[in-house]
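Chemist: So that we are looking at the same thing, I have put the structure below in structure tokens.
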Amino acid sequence: MPELPEVEVTRITLAERLCGGQVTSARLGKPLRWPLGCAPQRLAGLRIGEMARRGKYLWLPLSGTQDAGGLLMHLGMSGSLNLADAPLPPGAHDHFELVTTRGTLRLTDPRRFGAIVWSDAIDADPAARLLARLGPEPFDPALTPLSFHRALKARRTPIKAALLSGELVVGAGNIYVSEALFRAGIDPRARSDAVSKPRAEKLLAALRQTLSRAIALGGSTLRDFRDAHGMSGAFQDEALVYGREGQPCQRCGGTVRRIVQAQRSTYFCTGCQRR
Ligand code: ZN
């Protein structure tokens, strides 16, 4: 599943190339998770603004003399966006296509949990409704150690589950949470409301480092967008605990353990991580 780093890498790669271009036409394939919400013909002639990201959503602003809005995009479980100058004919899994003066932007999504939805503005429905539940962005300066600690204090679940909920911070997927908890020395079973302020601060820094590293790896290893899912693989190669059950901990030599929390695998080291 594309996580926040993959989506951010998608944005970095596409934003500059598309910005300033113009839509020539749009084409739909099989139904996606949600309908487009407008006739594809409406998009023709609109100017493309700078692509933005919120959580795992991408926002492509579009404007014309009479019409303005944009496309809110989500890659779902298996989606990827590709921009090509001379694309091949659409394949069986290509379900949205935006032909522009900067190339053809195509959503390939075999499982079709992804979506591309027209909204009159990012802060108008349906975009506003879809984005309303998202927690703060991990790199937003408004997310401070103090506000993060307060949010942890308000939850009585294990810290791992609190982070995975996406309510405290968006984009902290399973692999990134496991790695950040290891780097911060916090046992994933520790209760969220029992984490002290200094440890919360360490955890927030570890989350930011982990996500930055994953974005950097994606940016350096991804050439073809269809390989977007290989990115977590590149990060996984340097994971300290994730996927390393039974192997020696690289920090203390103890054994990395795996447990299941909320139906997700958690990897950690009891020697290095305290409740
Ligand atoms: Zn250890």
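Chemist: Residues of segment 110-154 being among the charged types (D, E, K, R), out of contact with any Lys or Arg (no Cβ under 9 Å at 6 or more places or on another chain) and within 21 Å of residue 81 (Cβ to Cβ), which ones?
Modeler: Of everything in segment 110-154, just one residue is among the charged types (D, E, K, R), out of contact with any Lys or Arg (no Cβ under 9 Å at 6 or more places or on another chain) and within 21 Å of residue 81 (Cβ to Cβ), namely 111.
Chemist: If you don't mind, there's one more thing I want to ask. Hey, residue 214 hits all of (1) away from the ligand (no atom under 16 Å from the Cβ); (2) surrounded by fewer than 22 Cβ atoms within 10 Å (Cβ to Cβ); (3) modelled with pLDDT under 95 but one; which does it fall short on?
Modeler: Here residue 214 meets the rest and fails (2).
Chemist: List every residue pair whose Cβ atoms lie under 6 Å apart, where the two residues are 6 or more positions apart in sequence or sit on different chains, the first residue falls within segment 166-188 and is over 22 Å from residue 1 (Cα atoms), and the second residue, located anywhere, is of a type in the set (Val, Ile, Thr) and in a loop (DSSP other than H, G, I, E, B).
Modeler: 182/241
Chemist: Mind listing whichever residues of segment 234-275 are under 17 Å from residue 210 (Cβ atoms), within 14 Å of the ligand (Cβ to nearest atom) and part of a strand (DSSP E or B)?
Modeler: 267, 268 - these are the residues of segment 234-275 that are under 17 Å from residue 210 (Cβ atoms), within 14 Å of the ligand (Cβ to nearest atom) and part of a strand (DSSP E or B).
Chemist: Which residues, counting only those in segment 1-37, are over 13 Å from residue 79 (Cβ atoms) and β-branched (Val, Ile, Thr)?
Modeler: 9, 12, 13, 23, 24, listed by residue number.
Chemist: Has segment 150-157 got at least one residue that is in a helix (DSSP H, G or I), buried (at least 16 other Cβ atoms within 10 Å of the Cβ), modelled with pLDDT of 95 or more and of a type outside the set (D, E, K, R)?
Modeler: Yes, segment 150-157 contains a residue that is in a helix (DSSP H, G or I), buried (at least 16 other Cβ atoms within 10 Å of the Cβ), modelled with pLDDT of 95 or more and of a type outside the set (D, E, K, R).
Chemist: Quick check on this structure: which one of 11, 53, 27 is within 12 Å of the chain's Cα centre (by Cα), outside the structural domain of residue 163 (by TED's automatic domain parsing) and part of a strand (DSSP E or B)?
Modeler: 53
The values are calculated or read from the model by the stated rules, or taken from the named source; none is laboratory data. Every value quoted in this text rests on a predicted model; they were computed, and no experiment measured them. All Cβ positions, glycine included, derive from the backbone under ideal geometry; neighbour counts span all protein chains shown.
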